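Asks: Take this structure first; my questions come after.
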Amino acid sequence: MNLLLILFAKLLILIGKKLKRGSSLPGKIIYKINKNIFKYFKFKNTKLIGVTGSSGKGSSSYLIVQILRDLNYKVGYNDSGSNLSYAILTTIIDNCDIFGNSKVDYFVFEMDERFSIFVFKDLIFDQILITNITKDQPPRQYNPETVINILNKGLKNQNNLIINANDPIMQHFTFNKNVTYYDIKDKNISYQTQIFNNSYTNYHNEEKIKYHHYYFENTGDYYCEKNNFKTPKSDISATLIDYEKLEILVNGINFKLAYPMLFDVYNTLSVISLFYALNFNLKTISNSMKKRYIDKKIYNSFIENNRKVVVINNKNENSGSFNQAMLYLARQQEQKILVVGWKEISRRYEFNDMSWLYDVEFEIIKNVEKVYCVGIDAYDIALRMKYAGFKNIIISQDLKNAVQKLKNDNLNIYAVLNFDYILPFNKYMEENYEN
């Protein structure tokens with residue numbers, strides 16, 4: 001029976017590939033027929049790696065895959081952009097023979113933090129990397145505690161975790177687990193007083209957690225006097241971060257960054273820690289990272305008309321993602337133009353919630369000459385900018401029209417956009433200066 005199911009699923013996958021669709025449908029159909037189908041598969045010589053969290057899981061999982069393939073390992077990966085349980089089942093079927101035997105050395109699964117519980121109950125992973133838990137998509141996730149509780153249930157039968165030691169929230173998952181910790185120990189990029197006042201407040205046994213210093217929002221070197229709760233000792237530490245050279249010094253070895261932003265430091269550290277836990281030589285990983293793929297849809301910097309243009313992709317409904325951009329922009333001291341907008345808040349959900357925008361600390365950016373608010377919610381963005389204290393606010397619901405107006409300005413431009421505006425913005429900028 002299961003053999004016939006797998007043959008049927010492989011046929012569906014083949015058809016889906018030809019139609020450039022079907023990343024999750026074959027798995028969904030097979031799972032509906034047999035909810036115990038995961039037990040059919042055999043991973044005798046295959047290691048299973050799971051990557052989950054509110055943000056960063058896509059970038060981290062892709063970097064893991066890139067390194068493994070560079071080192072000539074065969075990898076099964078749900079690279080279609082679908083991170084739900086059905087897509088993971090489809091990926092397994094596609095990379096196993098009809099008898100359920102794995103044909104790859106590694107499976108790397110990017111998993112939605114809430115739906116990962118359905119995979120964790122059926123598969124035992126060699127390592128699970130949890131990037132972070134933040135105030136993401138409030139109408140769907142409600143609050144971080146909701147996600148923490150769901151994820152913890154799924155982790156009951158899992159043993160090996162990769163955790164950010166700088167993030168006290170992550171210690172919710174570490175009880176009775178084998179944990180590989182990573183952290184930052186470069187005080188040059190830290191700050192003493194909390195600048196993200198809307199960030200999630202942490203408590204341990206009803207006592208508020210204090211900080212020696214912060215790196216971002218609730219991450220830093222923390223402690224709780226009454227409970228002997230503090231930043232755990234790490235296996236992997238970044239002791240020097242150089243945004244200009246795009247390098248970090250980790251356990252005495254230089255590693256390449258892709259972007260001059262803190263999120264990439266933590267993503268890079270998490271991947272290094274994973275390979276450390278898998279007993280890879282870190283110098284080998286460092287050499288492989290020199291070839292890492294730079295995705296200009298995430299961060300792009302170029303010169304147009306003798307001025308710098310920086311385009312940063314951000315995840316809507318996730319204030320932490322936007323605040324990463326704010327932390328970067330706070331380092332840029334020159335007079336500048338800020339562009340903020342998106343085509344739509346979400347393709348998957350119709351909540352159209354704007355509350356997360358008030359958790360973004362636009363106030364920490366200085367020397368902003370003008371703010372361009374673009375897209376369908378341009379007026380809502382403009383209202384938030386007015387509360388942030390910006391004076392010269394331009395509203396344009398049409399992105400192309402906004403770029404045409406930028407033609408008359410001569411300051412550096414920093415555009416904080418959602419993914420569906422990145423390529424159009426770049427295209428309009430190029431057209432603008434060709435005319």
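The values are calculated or read from the model by the stated rules, or taken from the named source; none is laboratory data. Note that this is a predicted model, so its numbers are computed, not measured. With ideal geometry, Cβ positions are generated from the backbone for all residues, glycine too; neighbour counts draw on all protein chains shown.
Asks: If TRP356 satisfies all but one of (1) assigned to a helix (DSSP H, G or I); (2) at pLDDT 95 or above, what's the number of the condition it fails?
Replies: Among (1) assigned to a helix (DSSP H, G or I); (2) at pLDDT 95 or above, TRP356 violates only (2).
Asks: From (1) under 30 Å from ASN318 (Cβ atoms); (2) of a type in the set (A, V, I, L, M, F, W, C); (3) part of a helix (DSSP H, G or I), pick out the condition that doesn't hold for LEU11.
Replies: It is condition (1) that LEU11 fails.
Asks: Looking at the range 223-237, which of its residues are in contact (Cβ under 8 Å) with a residue 12 or more places away in the chain and farther than 21 Å from GLY53 by Cα?
Replies: Passing the criteria: TYR223, CYS224, GLU225, LYS226, ASN227, PHE229, LYS233.
Asks: Does the range 216-237 hold any residues that are buried (at least 16 other Cβ atoms within 10 Å of the Cβ) and of a type in the set (S, T, N, Q), and which are they?
Replies: The answer is ASN218, THR219, THR231, SER234, SER237.
Asks: Same structure, new question: Scan the range 265-301 residue by residue and report those that are without any contact (Cβ under 8 Å) to a residue 60 or more places away in the chain and assigned to a strand (DSSP E or B).
Replies: TYR299, SER301
Asks: Anything in the range 407-435 that is farther than 28 Å from GLY320 by Cβ and in contact with a helix residue (DSSP H, G or I) (Cβ under 7 Å, 6 or more places away or on another chain)? List them, or say none.
Replies: Hits for the range 407-435 are LYS407, TYR428, ASN432.
Asks: Which members of the range 200-215 meet the condition of being at pLDDT 95 or above and surrounded by fewer than 18 Cβ atoms within 10 Å (Cβ to Cβ)?
Replies: Those that are at pLDDT 95 or above and surrounded by fewer than 18 Cβ atoms within 10 Å (Cβ to Cβ): HIS212, HIS213.
Asks: Residues GLY50, GLY58, GLY76: which one is surrounded by fewer than 20 Cβ atoms within 10 Å (Cβ to Cβ) and either within 18 Å of SER24 (Cβ to Cβ) or small (Gly, Ala, Ser) (or both)?
Replies: GLY58
Asks: LEU423 - would you say it is within 24 Å of ALA330 (Cα to Cα) and assigned to a helix (DSSP H, G or I)?
Replies: The answer is no for LEU423.
Asks: Check every one of the strands (runs of 3 or more DSSP E) wholly within the range 156-241 and list those with 3 or more residues that are under 21 Å from LEU282 (Cα atoms).
Replies: The strands (runs of 3 or more DSSP E) meeting that bar are 160-164, 178-184.
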